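Structure first, then comments.
Laboratory data are not the source of any read-out in this text; all were calculated from the coordinates shown. Computed from a prediction, not measured in an experiment: that's the story for all the values here. With ideal geometry, Cβ positions are generated from the backbone for all residues, glycine too; neighbour counts draw on all protein chains shown.
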């Protein structure tokens, strides 16, 4: 008898999704994240159409989402294996954003994705994916904030990541050096903002505000992680194990 555990329905769906994604990547540069690319992947893999509908119920949209999440998972694997302890906090953020872009590799596939998620019907999904990427980055950095800072950190990093991604798509400099310099400037801007915010907190006028209307911010809490695993705020199991 085989010692291999019997595959569950979820295992079969994950395998089908992964095979369809791998096959679709050859077609996305030409047909985008579309039904045409999905149909071509179905033909290439000979996966049953009913199984494909279960694995990707929203078709091309779920295919594009799977590609983005695959990149996040690879970034997480590499980040957890990397030695970041000797770096400053800002350097760690820079390394992780750069790592995520280098994983993307094929600019045309990413460009097609940016166009796809810029469409009104997909914009909300695209924003959520960027948020999730930044959430993974903060978790890798050991973020333990539970108040409004949980949100502000991800909002700021989402802006940095998004603008750097768009710059990277148009960068033809050797080794993308212009992109890394652009990223360094964005990170420096954030650090200056954090310093200014820290100074403001020491200001008597700001202290008075925080004791009055500003106290509403104290009531904002981060997600507790007890909800669905695919929503912002979930602590990745891999990060928990690493810790």
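Projection of the Cα convex hull of region 90-199, averaged over all directions and equal to a quarter of that hull's surface, yields 7.4 nm². In whole angstrom, note down how far apart the Cα centers of region 144-193 and region 1-56 are. Measuring centre to centre over Cα atoms gives 33 Å. Each residue, residue 149 and residue 166, gets one label point 7 Å from its Cα in the Cβ direction; the gap between the two is 2.9 nm.
Counting neighbouring beta carbons within 10 Å and listing from fewest to most, the residues 39, 172 come out as 172, 39. Each label point was placed 7 Å from the Cα along the Cα-to-Cβ direction; for residue 118 and residue 53 their separation is 3.3 nm. Put simply, region 33-99 fits an ellipsoid with semi-axes of 36, 11, 9 Å; these come from the alpha carbon gyration tensor as the roots of five times its eigenvalues, largest first. Taking N as the residue count of region 1-57, its C-alpha radius of gyration divided by 2.2 N^0.38 Å amounts to 1.27.
How do 186, 78 rank when sorted from fewest to most other Cβ atoms within 10 Å of their own Cβ?
Numbers: 186 20, 78 16.
The fewest-first ordering by Cβ neighbours comes to 78, 186.
For 180, 168, 33, which order do you get if you count the other beta carbons within 10 Å of each Cβ and list the fewest first? Display every interim value, and only then the final one.
Numbers: 180 18, 168 21, 33 26.
The most exposed by this proxy come first: 180, 168, 33.
For region 58-76, list residues with backbone N below 17 Å from a point placed 7 Å from the Cα of residue 35 toward its Cβ? What the label zone holds, given the 17 Å backbone N cut-off, is 58-64.
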